[in-house]
Amino acid sequence: MREEFIAPCGINCRLCRAYQREKNQCKGCRNDIGYKAKGCSSCIIRNCPVTQSNKSGFCFECDKFPCQRLKQLDIRYQTKYHMSMIENLERIKQYGIDKFLQNEEIRWTCKECDNIVCVHKFICNVCKTPYIK
């Protein structure tokens with residue numbers, strides 16, 4: 001796991017089905033080279049001038065954190081995928097990006113084949129093992 005795969009909103013792009021698919025693979029929200037999923041390209045949070053200009057590149061540095069758009073996205077992800085972007089950002093802010101990345105690696109690695117699990121499907125795309133939190 002690398003820092004450039006953590007989007008400004010706190011989602012880990014490597015867990016996204018758009019990143020994990022073979023055809024038209026998204027290269028991540030913070031990567032300006034290669035294909036980017038339509039939702040990422042037009043994302044209000046990714047394109048926020050405050051986030052783009054702050055030191056870390058993450059939303060937690062903004063005076064409005066968490067903004068209404070991030071709260072809405074967070075509720076959707078908590079409900080559908082049992083993951084909180086706001087919690088991710090708070091962990092990054094409190095413990096640093098390196099510690100966060102170490103925890104993400106452990107949390108989202110398939111126990112059967114050591115590949116990264118898809119947060120949107122709750123399965124490993126390689127061996128099809130269901131993800132158990």
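Please treat every number below as a calculation from the coordinates, not as lab data. This one's a predicted model, so the numbers in the text were calculated from it and none came from an experiment. Backbone-built Cβ (ideal geometry, glycine too); neighbour counts: all protein chains shown.
Results, tabulated for the structure shown:
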| read-out | value |
| --- | --- |
| Fewest-first ranking of Ser53, Ser84, using other Cβ atoms within 10 Å as the exposure measure | Ser53, Ser84 |
| Diffusion constant of the stretch 3-124 at 25 °C, which comes from Stokes-Einstein with the Kirkwood Cα-pair radius and 0.890 mPa s, µm²/s | 166 |
| Separation in nanometres of the label points that stand 7 Å from Cα toward Cβ, at Ile44 and Glu4 | 2.9 |
| Estimated dipole of the chain in Debye, rounded to 20 [Cβ of Lys and Arg +1, of Asp and Glu -1, Cα centre] | 500 |
| Within straight-line cross-link reach of Lys99, aspartates and glutamates at Cα separation under 20 Å, skipping those fewer than 8 residues along the same chain | Glu3, Glu4, Glu61, Glu87, Glu90, Asp114 |
